[in-house]
């Protein structure tokens with residue numbers, strides 16, 4: 001018997017270990033083990049994906065020998081774009097792996113990938129090497145997020161599934177908080193990457209106690225009995241799945257563009273506001289505020305999704321993200337502690353919409369293509385995001401050259417980073433539009 005087979009089945013909790021009433025009905029020890037394992041994986045996803053943002057000014061300055069924003073901005077765009085392209089490919093590839101080989105195996109492979117290359121990023125001696133490591137780190141992180149959300153959705157009892165997934169995504173934001181903490185404690189960017197590699201390896205041992213979900217095992221057996229095999233990709237793009245792919249891809253794509261082209265640039269924006277002043281901890285502290293607030297938002301997403309529905313939750317939180325972005329980037333021309341709280345407000349709304357999307361997407365697809373469909377929606381917009389982020393550096397040059405802070409918003413003192421970040425936050429409108437035309441899945445069981 002292998003380690004994957006040793007654990008009790010998630011569909012049949014052990015006698016005497018199941019919680020009987022209300023939202024806790026049907027939850028056993030194995031469910032809690034699965035949740036804890038997925039939550040740890042999500043922490044390291046959030047930490048390793050955010051480390052680059054908080055150490056970016058120091059890392060690129062050290063590797064290129066310049067602090068000129070006209071030099072750092074474009075290179076930071078290239079590195080971030082390659083990371084997002086890797087994330088996109090990893091989400092799609094590991095989604096297919098998860099449907100073909102199993103959710104647990106997909107998780108283990110993806111953790112190994114991003115753990116190894118996060119550590120190797122700390123050994124980079126050129127920004128090209130750093131970019132290559134971030135690309136490969138992105139492959140693993142993209143795969144892991146698809147795996148944990150799909151696996152927990154299939155294992156967890158339906159009565160409290162939305163709440164469980166919402167709380168699960170707090171793990172990513174907890175990782176964001178830890179990344180900010182690492183930056184405040186260790187000012188050496190190489191050390192930050194080495195720390196980011198170590199804990200992720202520990203998750204492998206916990207994952208060995210898990211077995212594949214009963215839903216996936218049963219669906220695979222049914223497919224094996226079919227007389228006529230249908231290709232996996234053909235099945236994914238059947239007409240019954242097209243609406244989910246379109247709505248999910250557009251909704252999450254809007255979130256990604258708004259998130260990565262705005263929030264991930266906050267450390268550079270803060271550095272620009274500070275100029276040569278400050279203690280050096282401001283970037284990390286702002287990231288910590290954002291991470292804690294986003295954890296609160298993630299925790300509330302399941303409550304909102306079960307109360308008012310998946311689609312209204314996505315719509316309202318998207319509008320909140322846009323309003324918070326306007327407040328943050330268009331009202332600050334110098335650094336003050338108020339920025340920490342405004343970062344927290346933006347983080348809260350991002351936490352809500354992020355968790356709401358992870359609740360919503362697995363509910364749109366049947367079991368045999370659930371991981372692939374979720375992976376497609378989570379990552380098809382990432383290519384557009386990578387392209388958008390790639391041109392942030394050029395946009396910053398254009399804003400500075402043409403004084404667009406004055407031309408667009410009547411304030412020549414606005415930071416070019418802030419103006420660029422706000423312009424990209426308009427992408428949250430895509431999430432609103434997609435949710436309006438999406439299918440409501442509140443109260444509906446997972447599709448077989």
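For the stretch 328-384, which residues satisfy the criterion of being part of a loop (DSSP other than H, G, I, E, B) and without any contact (Cβ under 8 Å) to a residue 24 or more places away in the chain?
Initially, the stretch 328-384 is screened for residues part of a loop (DSSP other than H, G, I, E, B), giving 331-337, 365-366.
Scanning the stretch 328-384 gives 331, 336, 337.
For the stretch 183-194, name all the residues that are surrounded by fewer than 22 Cβ atoms within 10 Å (Cβ to Cβ) and more than 18 Å from residue 136 (Cβ to Cβ).
Step one: list which residues in the stretch 183-194 are surrounded by fewer than 22 Cβ atoms within 10 Å (Cβ to Cβ), which gives 184-188, 190-191, 194.
184, 185, 186, 187, 188, 191, listed by residue number.
For residue 200, are the conditions met, namely being farther than 30 Å from residue 447 by Cβ, within 19 Å of the chain's Cα centre (by Cα) and assigned to a helix (DSSP H, G or I)? Give the steps one after another, and end with the answer.
Values: farther than 30 Å from residue 447 by Cβ: yes; within 19 Å of the chain's Cα centre (by Cα): yes; assigned to a helix (DSSP H, G or I): yes.
Yes.
What tally of residues in the stretch 425-448 results from selecting those that are modelled with pLDDT under 85 and either surrounded by 14 or more Cβ atoms within 10 Å (Cβ to Cβ) or out of contact with any helix residue (DSSP H, G or I) (no Cβ under 8 Å at 6 or more places or on another chain) (or both)? Explain how you work it out, then say what you get.
Of the residues in the stretch 425-448, the ones modelled with pLDDT under 85 are 446-448.
Applying the additional criterion that residues be either surrounded by 14 or more Cβ atoms within 10 Å (Cβ to Cβ) or out of contact with any helix residue (DSSP H, G or I) (no Cβ under 8 Å at 6 or more places or on another chain) (or both) yields 446-447.
Looking only at that region, the number is 2.
Can you name every one of the helices (runs of 4 or more DSSP H) wholly within the stretch 1-107 that holds 2 or more residues which are buried (at least 17 other Cβ atoms within 10 Å of the Cβ) and modelled with pLDDT under 85?
Numbers: elements: 3-6, 29-64, 69-101.
In the stretch 1-107, the matching helices (runs of 4 or more DSSP H) lie at 29-64, 69-101.
For the subset of the stretch 168-197 comprising residues that are part of a helix (DSSP H, G or I) and closer than 20 Å to residue 104 by Cα, which member is modelled with the lowest pLDDT? Reasoning before the result, please.
So the first thing to find is which residues in the stretch 168-197 are part of a helix (DSSP H, G or I), and the list is 168, 170-185, 189-197.
When the remaining residues are screened for being closer than 20 Å to residue 104 by Cα, the result is 168, 171-172.
Values: 168: 88, 171: 87, 172: 83.
Among them, the one singled out is 172.
From the list 336, 318, 299, which residue is over 14 Å from the mean Cα position of the chain (by Cα) and buried (at least 21 other Cβ atoms within 10 Å of the Cβ)?
Numbers: 336 fails: buried (at least 21 other Cβ atoms within 10 Å of the Cβ); 299 fails: buried (at least 21 other Cβ atoms within 10 Å of the Cβ).
The unique qualifying residue is 318.
Among the residues of the stretch 261-315, which ones are on the phi < 0 side of the Ramachandran plot, modelled with pLDDT of 85 or more and in a loop (DSSP other than H, G, I, E, B)?
308
Residue 290 is checked against (1) over 21 Å from the mean Cα position of the chain (by Cα); (2) buried (at least 24 other Cβ atoms within 10 Å of the Cβ) and fails just one. What number does that condition carry?
Of everything listed in (1) over 21 Å from the mean Cα position of the chain (by Cα); (2) buried (at least 24 other Cβ atoms within 10 Å of the Cβ), residue 290 misses just condition (1).
So residue 389 ticks every box in (1) in a helix (DSSP H, G or I); (2) at pLDDT 85 or above; (3) under 28 Å from residue 79 (Cα atoms) but one. Which box is left unticked?
Only one criterion in (1) in a helix (DSSP H, G or I); (2) at pLDDT 85 or above; (3) under 28 Å from residue 79 (Cα atoms) is unmet by residue 389, namely (2).
The values are calculated or read from the model by the stated rules, or taken from the named source; none is laboratory data. Owing to the predicted nature of the structure, the values given are computational and were not obtained by experimental measurement. Cβ sites come from the backbone with ideal geometry, for glycine too, and all protein chains shown count toward neighbours.
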